[in-house]
Amino acid sequence: MKNAKHLLGITILGITLLTATACKQEAKHTETSEHAQDANVDAKTAVQAKPEFKTDSIATVFQDYLHLKDALVQTDHAEAKSGAKLLADDATDESVKRIATKISEEEDIKVQRELFSELTTALKPVLAAQITSGEIYEQHCPMALKAGANWLAVEQEINNPYYGDKMLRCGVVQETIK
């Protein structure tokens, strides 16, 4: 029994250490000087991929999605509702429209973020089928929503919509959609 408790303790300690280091890059960013951060922002802004799509309506849907994502990054539930309402109004895909409508009606930012993960999953194949040039970066946070979660962005820089400023830079570019 003592061995089982000891093993359990070591396992919990290991998981805690892995979790703490999974997004260690956040701490590294806060240690850099403001000047270095400004240089990084300028360099990363230049890396922004400007995707173009077969139709203007898909381009509008993607812009609405980015509006919603940015509101979640800022932990602004009211602006997230607004972005989701635009997306629901502009979307033609029924699954995307349904999920965006749920987000637009939700007051709880945590629930909005959970639904945002579903929205990303539904929207990705729509965008992948319609992109004609440029790139969309599918980004992933291994800690979000317990099992990890993805989002789409036009920049490689990580701005995590699932944790906002708590773990803004937690994540990696998982795939590039061209």
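Output the residues belonging to the stretch 94-123 that are under 14 Å from ASP64 (Cα atoms) and not β-branched (Val, Ile, Thr).
LYS97, ALA100, SER104, PHE116, LEU119, LEU123
What's the number of the condition LEU127 fails, among (1) under 20 Å from VAL173 (Cβ atoms); (2) in contact (Cβ under 8 Å) with a residue 12 or more places away in the chain; (3) out of contact with any helix residue (DSSP H, G or I) (no Cβ under 7 Å at 6 or more places or on another chain)?
Failing condition for LEU127: (3).
Looking only at the stretch 32-75, which residues are modelled with pLDDT of 90 or more, in a helix (DSSP H, G or I) and of a type in the set (S, T, N, Q)?
SER57, THR60, GLN63
Every residue in the stretch 105-124 that is more than 15 Å from TYR137 (Cα to Cα) and either without any contact (Cβ under 8 Å) to a residue 24 or more places away in the chain or charged (D, E, K, R) (or both), please.
GLU105, GLU106, GLU107, ASP108, LYS110, VAL111, ARG113, GLU114, LEU115, GLU118
For the stretch 161-170, check the following and say yes or no: at least one residue is in contact (Cβ under 8 Å) with a residue 60 or more places away in the chain, charged (D, E, K, R) and part of a helix (DSSP H, G or I).
Yes, the conditions are met somewhere in the stretch 161-170.
Being free of Cβ contacts under 8 Å to residues at least 60 places away in the same chain, buried (at least 17 other Cβ atoms within 10 Å of the Cβ) and not in a strand (DSSP E or B) is the filter here, so list the residues in the stretch 132-157 that pass it.
Listed by number, the list holds a single entry, ALA144.
The values are calculated or read from the model by the stated rules, or taken from the named source; none is laboratory data. Just so you know, these numbers come straight off a predicted model, no measurement behind them. Positions of Cβ are backbone-derived with ideal geometry, glycine not excepted, and every protein chain shown enters the neighbour counts.
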